[in-house]
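These notes are about the structure you will find just below.
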Amino acid sequence: MKIVCTKSNLLTGVQTVSKAVPNKTTMSILECILVDTTGGSIKLTANDMELGIETVIEGEIIEKGMIALDAKIFLEIVRKLPDNDITIETDPSFKTTITCEKAKFNIIGKSGEDFSYLPEIERNDSVVISQFTLKEVIRQTIFSIADNENNKLMTGELFEITGDMLKVVSLDGHRISIRKIALKNSYDSKKVVVPGKTLSEISKILSGDMDKDVYIFFTDKHILFEFNDTVVVSRLIEGEYFKIDQMLSSDYETKIKMNKRELLDCIDRATLLVKEGDKKPVIIDVKDASMQLKMNSTVGSMDEDIDIEKEGKDLKIGFNPKFLIDALRVIEDEEILIYMVNPKAPCFIKDEKESYIYMILPVNFINVE
């Protein structure tokens, strides 16, 4: 095999597929990136058997062939080569020569025949969504998936399609994030749980361009995302997702309307007094047209008043400040609505159309003050 391509094209391609290279594996071939030109294009592939990424880059194919190269070494070599054309040449013993200007690397590759290809997925009935929208939806929900493997379903996000509506849900046992997106077309109902790792890696690759689309295909066990010259295939998380609707309540005793930025900045200031690892709640005391935020820690104390519009009862409630910050940071609205029942019931931050809903469980703050 012999190919020539620009450093920028090669680096973009290698960085894109590297996201599917496993950190630890007993199969050394999975630590490689496959460079395959047998189909007449320069195709790069990586696959950790749960997540696979394939991308096509522009370049000149002088001699067709394929080679599997160690991903870490390949990426570092390409990254540090001069900004010029790179030539990659292999011989029958898998010896690979990478040259650029006066720099020349010789590394030993592996047979491309041993590489695990991405699963074949029939591409029928794609769901189309803009790259911008998908990237935003992931950003606005990914923070509330669970990071431990105790409950596999909590490490993924629910993608539920009903007609022309996509609902994305994540939860970790302390909070729930929900985003609803209107799609351009109407589709058959679908309900799948996509691994958080997959979504996290996709959001890094997506350009976020409003005018470019992502085509999403579903099978019983896999989901496929196709955009630009890249294909991402991921295994789905199997099992019945949590009955979210039963956890959501429209009842409230206290409704607050307030400026989002004021609340976010205030909580941000309060966390200055919290040492890493400390679980200190921020205490919210709602009275008439004012909300008082208090923070007490071993470092010191802080309190601040914010003007609000309130309907209903006065209320004193405590929250993990990080959970409030995470939700507030991804809400675009200037004014927000917060619904609460009592100090032991979850609070809901949502807009009137319920295009987003963030549910956060309170924490006990007795003896904190």
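The values are calculated or read from the model by the stated rules, or taken from the named source; none is laboratory data. Here the structure is a predicted model, which is why all the values come from computation and not from measurement. Here the Cβ is made from the backbone with ideal geometry for all residues, glycine too, and neighbour counts use every protein chain on show.
Within the stretch 287-303, how many residues turn out to be surrounded by 13 or more Cβ atoms within 10 Å (Cβ to Cβ), in a strand (DSSP E or B), touching a Leu at 6+ places or on another chain (Cβ under 9 Å) and not charged (D, E, K, R)? Matching residues across the stretch 287-303 total 5. Within the stretch 180-188, the presence of at least one residue that is surrounded by fewer than 17 Cβ atoms within 10 Å (Cβ to Cβ) and acidic (D, E) is confirmed.
On the stretch given as the stretch 101-124, residues that are at pLDDT 95 or above, out of contact with any Ser or Thr (no Cβ under 9 Å at 6 or more places or on another chain) and either part of a loop (DSSP other than H, G, I, E, B) or hydroxyl-bearing (S, T, Y) (or both) total 3. Among residues of the stretch 1-29 being of a type in the set (A, V, I, L, M, F, W, C) and not in a loop (DSSP other than H, G, I, E, B), the one that is nearest to T45 (Cα to Cα) is V17. Based on what the data block shows, is F132 in the same structural domain as S207 (by TED's automatic domain parsing), closer than 25 Å to E352 by Cα, of a type in the set (F, W, Y) and not in a strand (DSSP E or B)? So F132 passes the test. In the stretch 254-276, the residues that are farther than 29 Å from E352 by Cα form Cβ pairs under 6 Å with partners that are part of a helix (DSSP H, G or I), at six or more places apart or across chains, as follows: T271/P321. Remark: pairs (first residue in the stretch 84-105, more than 18 Å from N9 (Cβ to Cβ); second residue of a type in the set (D, E); Cβ separation under 7 Å; 6+ apart in sequence or on different chains) = T97/E89.
Inclusion of T162 among residues that are over 15 Å from the mean Cα position of the chain (by Cα), in the same structural domain as A20 (by TED's automatic domain parsing) and either closer than 28 Å to V214 by Cβ or in a strand (DSSP E or B) (or both) is not warranted. Residues considered: D209, D188. Of these, the only one that is within 24 Å of Q15 (Cα to Cα), in contact (Cβ under 8 Å) with a residue 60 or more places away in the chain and among the acidic types (D, E) is D209.
Of the strands (runs of 3 or more DSSP E) lying entirely inside the stretch 47-100, those containing at least 1 residues that are outside the structural domain of K204 (by TED's automatic domain parsing), farther than 15 Å from V4 by Cα and of a type in the set (D, E) are 51-57, 66-70.
On the given criteria, is D211 out of contact with any helix residue (DSSP H, G or I) (no Cβ under 6 Å at 6 or more places or on another chain) and assigned to a loop (DSSP other than H, G, I, E, B)? Yes: the conditions hold for D211.
Okay, residues lined up against (1) assigned to a loop (DSSP other than H, G, I, E, B); (2) surrounded by 14 or more Cβ atoms within 10 Å (Cβ to Cβ); (3) aromatic (F, W, Y):
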residue	(1), (2), (3)
D251	yes, no, no
L264	no, yes, no
R269	no, no, no
D285	no, yes, no
D305	no, no, no
E311	no, no, no
G318	no, yes, no
F323	no, yes, yes
D326	no, yes, no
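Does I306 satisfy the condition of being modelled with pLDDT of 95 or more, on the phi < 0 side of the Ramachandran plot and either under 26 Å from the mean Cα position of the chain (by Cα) or of a type in the set (S, T, Y) (or both)? So I306 fails the test. Here is the figure for the stretch 336-368: residues that are of a type outside the set (A, V, I, L, M, F, W, C) and out of contact with any strand residue (DSSP E or B) (no Cβ under 6 Å at 6 or more places or on another chain) total 8.
The residues listed here are G208, G196, G173; of these, the one that is closer than 30 Å to N364 by Cβ, at pLDDT below 95 and not acidic (D, E) is G173. Would you check if L199 is of a type outside the set (G, A, S) and touching a helix residue (DSSP H, G or I) at 6+ places or on another chain (Cβ under 6 Å)? In short, yes.
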